[in-house]
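Below is one structure; the comments refer to it alone.
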Amino acid sequence: MNKKKDSNKDSNKIIIDLNVKEFYVASLNTRTLKSQGTVATTPYLIEESIPKIKWELVKESKTINSFDCQKAKGNFRGRTYIAWFTKDIPSWCGPWKLFGLPGGILEFQDETGQIKSSAIQVKINDNIDVDKIIDSNKGNGKSLSIKDYVELKQRENELMLKYAMAKLGREADIRSVEPYKRQGFELKYEWEEE
């Protein structure tokens, strides 16, 4: 983590460069997913079970990177995702946390269009050393369950305020901080379901 203080006399600014590598690594043996995340300026290694998404296969197809793909829809953590997968890539794993389709996912988006990801290039290589990839992505920081991480993330603005106040000193006058509002890929978690 690099911290820089602006030398301008009229302001005290803190620029925080976390240099935290984001990754998602699934273990099929233990059925767990590990990822890297941060709360305030602190990195964490997050562990959770591989998500189980109920997908609805849709009779619609298109070609992505010369692969014949089929459409699927599934609800996951507060969003409805549309995924395009191909059976030509025999994997039930997908990008990010989207698992459980009968082929590799080459494109996905949420129903609102706020989130979208598409494969730019596909290389199929049987000689990949998965153990080496996992070892190089062990992550930084303390290990947390997904639930503990989400609870900390809910307090992120409060933690950032404390961090800023400590760095800016007594002259700083910050009067309020907005509550954290989820905006990312996950809006609602299983333990929060009604």
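If you take the beta carbon distance between K188 and N127 as r and set R0 to 30 Å, what does 1/(1 + (r/R0)^6) give as a FRET efficiency, to the nearest 0.05?
So, using R0 = 30 Å, E works out to roughly 0.15.
Which FRET efficiency value, to the nearest 0.05, do you get for N157 and W92 by plugging their Cβ-Cβ distance into 1/(1 + (r/R0)^6) with R0 = 41 Å?
The formula returns an efficiency of 0.65 here.
Mind giving me the FRET efficiency for I120 and T30? R0 is 30 Å, r the Cβ-Cβ distance, nearest 0.05 is fine. It would help to have the intermediate numbers written out before the result.
Values: r = 30 Å, r/R0 = 1.02.
Plugging the Cβ-Cβ distance into 1/(1 + (r/R0)^6) gives 0.50.
Mind listing the phi-derived Karplus ³J(HN,Hα) values for region 63-68, rounded to whole Hz, using 6.51, -1.76 and 1.60 with θ = phi - 60°, and x for any glycine or proline?
Using θ = phi - 60°, the values come out as 9, 10, 6, 6, 9, 6 Hz.
Every number here is computed from the coordinates shown, using simple stated rules; none is lab data. Treat the numbers as computed from the prediction; the structure is a model and nothing was measured. Positions of Cβ are generated from backbone atoms using ideal geometry, with glycine treated the same way; all protein chains shown enter the neighbour counts.
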